[in-house]
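Bear in mind that the values in this text are calculations on the coordinates, not laboratory data. Predicted, not measured: the structure shown is a model, and the values here were computed from it. Every residue, glycine among them, receives a Cβ derived from its backbone with ideal geometry; neighbour counts consider all protein chains shown.
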């Protein structure tokens with residue numbers, strides 16, 4: 001089954017062609033990073049405008065790359081939630097009218113489910129059940145993946161996403177936008193014990209919930225204090241200490257959950273999975289505890305449409321299709 | 001030639017199907033529901049009621065702006081999806097021109113098309129009517145009501161106000177200086193019938209080339225330019 005998939009939830013416009021949920025025939029991406037970097041973050045209106053300008057070009061290119069025609073398309077899948085609403089609307093409305101005109105089913109896909117499904121593309125043998133930590137600029141959640149479309153959130157951030165903590169910290173440290181990559185690079189030159197940053201404590205009865213806003217505030221305070229006292233902060237040391245603090249929280253919660261639920265397989269998904277400290281800590285922890293780690297390659301960690309096509313296939317098998325009244329949503333339960 | 005026309009630039013969603021210049025069906029929904037839910041089902045149902053499918057379409061006409069940024073993008077993304085999948089051309093028409101085509105097109109009539117652009121401005125274009133068709137007197141633009149007023153006064157004619165900004169203009173214009181009438185409601189608001197009519201003699205483009213005309217930058221871009229000017 002060949003699925004044309006569309007992703008437009010944030011600052012990447014992407015169109016892909018995926019066969020049977022596992023084989024990527026085309027994976028076209030237009031990144032808007034250059035458009036938003038002038039503003040120090042994603043501007044929703046600029047994102048939505050850009051999606052509309054490039055979506056058909058990417059769809060044309062996907063067919064060309066795959067060497068297929070419109071007649072080969074068996075279904076159209078799209079991210080319908082969560083995301084920047086003006087941005088998601090573009091992909092949803094393009095996808096649903098294309099599905100109507102092609103006379104094929106329309107499959108709505110939850111963006112985070114798509115990130116989790118990036119693992120199916122990277123690891124052909126991986127099947128649920130497994131435990132997945134989904135970490136991105138907008139989301140941080142620990143997911144019990146019992147089946148391809150049967151999953152529940154074990155814990156999540158109570159405030160900022162891990163990626164948001166990285167981006168905001170990078171901005172205050174003068175590393176620009178997007179800050180994840182430069183922060184990661186800088187951290188490798190520093191000592192991760194330079195600063196004693198807080199490990200966010202979360203009150204309540206869910207041991208898997210997380211919090212990152214306090215950590216972000218601590219970084220802001222260190223930088224401001226250094227400015228006021230005229231002493232330059234140890235930037236590599238701060239970057240390394242921050243990566244360590246975020247990683248210890250994420251890896252710790254995930255390994256606790258894996259032990260409690262008895263999961264052998266642990267997957268990581270989303271743009272923050274590109275962070276080298278988090279990858280290394282997960283590798284070490286899984287080796288120590290005898291669990292198997294799955295982390296998609298960098299290209300599949302960020303937003304892309306191939307992952308939407310992968311999850312779309314399993315949503316279709318589960319009978320999850322929509323009509324031309326499908327709407328887009330800024331927020332949606334997993 | 002079968003044309004599907006879409007209009008979603010303001011609060012109402014509207015769809016029409018034309019066979020050449022003959023209107024086969026027309027609908028409008030003004031219940032405040034999001035266009036993302038209503039516009040495509042309206043088109044799908046209309047084609048079905050006509051015993052046709054999307055495969056029968058020869059082109060899709062859509063209002064390309066000005067208007068609500070999100071509303072425009074819903075109509076344009078749907079037009080792009082249909083045209084891309086069917087490999088048929090698209091025609092993007094000015095929302096203000098479509099408004100004139102959908103209005104009281106009586107020869108000699110002066111039409112003032114206006115939409116509330118906020119921030120003290122209206123999106124506006126002026127037309128007269130010749131041979132039953134609107135003829136442009138100005139380009140589409142975003143201008144203050146005072147600027148519009150001086151243009152209307154200079155032309156010394158009674159004007160018919162059209163669009164969702166008609167009431168705003170009627171209330172704000174100095175009616176001692178200029179004679180204005182508000183068009184009756186069925187003729188006042190932009191709709192897909194006007195879009196289809198305005199598209200008749202326009203050159204079609206590909207789905208790729210179909211683009212919105214917002215007439216205004218995003219807020220972030222405006223503020224950035226203002227900061228740069230200050231420095």
**Item:** Alpha carbon convex hull of the stretch A:211-321, volume per residue in cubic angstrom
**Value:** 152
**Prompt:** Across peptide B:69-78, what mean number of C-beta atoms from other chains lies inside 10 Å of a residue's C-beta?
**Reply:** 6
**Fill in**
Asserting the computed 222 nm helical MRE of chain A (DSSP H runs at least 4 long, -39500 (n - 2.57) per run, divided by residue count, to nearest 500) equals -14500 deg cm²/dmol
**Asked** Per 10 Å bin, what percent of the C-alpha pairs of the stretch A:24-173 does each bin hold, from zero upward?
**Response** 9, 31, 36, 21, 2, 0
**Spin-label model distance (nm) - residue A:70 vs residue B:116, 7 Å beyond Cα toward Cβ** = 3.9
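Report, as an integer, the average count of C-beta atoms from other chains found within 10 Å of each Cβ along A:317-330.
Numbers: counts 0, 0, 0, 0, 0, 0, 3, 10, 9, 4, 6, 4, 1, 0.
Mean shielding count: 3.
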**Message:** Could you order the peptides A:291-299, B:87-95, B:132-140 from most to least packed, using the average number of other C-beta atoms within 10 Å per residue?
**Reply:** B:87-95, A:291-299, B:132-140
**Fill in**
Hits in the stretch B:109-149: amide N under 11 Å from the 7 Å Cα→Cβ extension of residue B:177, namely B:145-149
**Request:** Counting other beta carbons within 10 Å of each Cβ, put B:221, B:147 in order, fewest first.
**Result:** B:147, B:221
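For the stretch B:35-77, which semi-axes, largest first and in whole Å, follow from the square roots of 5 times the eigenvalues of its Cα gyration tensor? Write out the running numbers ahead of the final one.
Values: eigenvalues 100, 30, 9 Å².
Whole-Å semi-axes of the equivalent ellipsoid: 22, 12, 7.
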**Request:** Could you work out how far the C-alpha centroid of the stretch A:263-331 sits from that of the stretch A:55-104, in angstrom?
**Result:** 21
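Expected output is a single nm value to one decimal: the length gained when fully extending between residue A:276 and residue A:221, i.e. 0.36 nm times separation in residues minus the C-alpha distance. What is it? If you can, show how the numbers build up before the last one.
On the way: separation 55, 0.36 × 55 = 19.80 nm, distance 2.51 nm.
Extending this stretch completely gives an extra 17.3 nm.
By counting other Cβ atoms within 10 Å of each Cβ, how are B:181, A:30 ranked from fewest to most? Don't skip to the end; give the middle numbers.
On the way: B:181 13, A:30 18.
Fewest to most other Cβ atoms nearby, the residues stand as B:181, A:30.
Can you work out the FRET efficiency for the pair residue B:87 and residue B:150, with r the C-beta to C-beta distance and R0 = 51 Å, to the nearest 0.05? Could you put the intermediate results ahead of the total?
Numbers: r = 48 Å, r/R0 = 0.94.
Efficiency for this residue pair is about 0.60.
In whole percent, what relative contact order does chain B give with Cα contacts below 8 Å and a gap of six or more residues?
On the way: 512 pairs, mean separation 54.6, N = 231.
That works out to 24 percent.
Take the Cβ-Cβ distance between residue A:38 and residue B:19 as r, set R0 to 41 Å, and report the resulting FRET efficiency rounded to the nearest 0.05. Intermediate values should be presented prior to the final figure.
On the way: r = 48 Å, r/R0 = 1.17.
Result of the calculation: an efficiency of 0.30.
In deg cm²/dmol and to the nearest 500, what is the mean residue ellipticity at 222 nm of chain B if only DSSP H runs of at least 4 residues count, each as -39500 (n - 2.57), divided by the residue total? All intermediate terms of the calculation are to be shown ahead of the outcome.
Details: 8 runs with 81 residues, N = 231.
The helix contribution divided over chain B gives -10500 deg cm²/dmol.
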**Item:** residue B:185-residue A:298 pseudo-label distance in nm [points 7 Å out on the Cα-to-Cβ vector]
**Value:** 5.9
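With a cut-off of 8 Å between alpha carbons and a minimum separation of six or more residues, what is the relative contact order of chain A in percent? Mind dumping the intermediate values first?
On the way: 748 pairs, mean separation 85.0, N = 334.
Relative contact order for chain A comes out at 25 percent.
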**Message:** With the crude spin-label approximation of a point 7 Å out along Cα→Cβ, what separation in nm comes out for residue A:191 versus residue A:264?
**Reply:** 4.3
**Request:** Specify the inter-centroid distance of the stretch B:56-93 and the stretch B:97-124, based on alpha-carbon positions, in whole Å.
**Result:** 21
**Residues residue A:320 and residue B:135, FRET efficiency given R0 of 35 Å [Cβ-Cβ distance, rounded to 0.05]** = 0.10
**Message:** If I take all pairs of Cα atoms in the protein assembly as shown, what percentage of them are more than 37 Å from each other?
**Reply:** 41
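Can you tell me the mean projection area, over all orientations, of the convex hull of the stretch A:22-109's alpha carbons? Units nm², please.
Numbers: hull surface 24.7 nm².
Reported value for the Cα convex hull: 6.2 nm².
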**Asked** How far is the Cα center of the stretch B:1-50 from the Cα center of the stretch A:138-199, in Å?
**Response** 45
**Prompt:** Whole number please: convex hull volume per residue of the Cα set in the stretch A:129-298, in Å³?
**Reply:** 109
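For the stretch B:1-120, state the semi-axes of the equivalent ellipsoid (square roots of 5 times the eigenvalues of the alpha-carbon gyration tensor), sorted largest first and rounded to whole angstrom. Display every interim value, and only then the final one.
Numbers: eigenvalues 109, 63, 36 Å².
Three semi-axes, in Å: 23, 18, 13.
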**Message:** If neighbour count is taken as other Cβ atoms inside 10 Å, put A:331, A:249 in order from fewest to most.
**Reply:** A:331, A:249
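Average partner chain C-beta neighbours within 10 Å, per residue of B:216-223? Before the final figure, lay out each step's value.
On the way: counts 0, 3, 8, 4, 9, 7, 0, 1.
Averaged over the peptide's residues, the number is 4.
For the stretch B:121-229, what is the Kirkwood estimate of the hydrodynamic radius, computed as the reciprocal of the mean inverse distance between distinct Cα atoms, to one decimal in Å?
Values: mean 1/r = 0.0611 Å⁻¹.
Over the stretch B:121-229, the inverse of the mean reciprocal pair distance is 16.4 Å.
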**Asked** Where the convex hull is taken over the Cα atoms of chain A, what is its projected area averaged over directions, in nm²?
**Response** 16.8
**Item:** Segments A:14-27, A:91-104, A:68-81, A:251-264 sorted - mean Cβ within 10 Å per residue, highest first
**Value:** A:91-104, A:14-27, A:68-81, A:251-264
**Cα-based radius of gyration of chain B once divided by 2.2 N^0.38 Å, which approximates compact folds** = 1.03
**Message:** I need to check one value: relative contact order of the stretch B:103-188, counting alpha carbon pairs closer than 8 Å and at least 6 residues apart, in percent.
**Reply:** 31
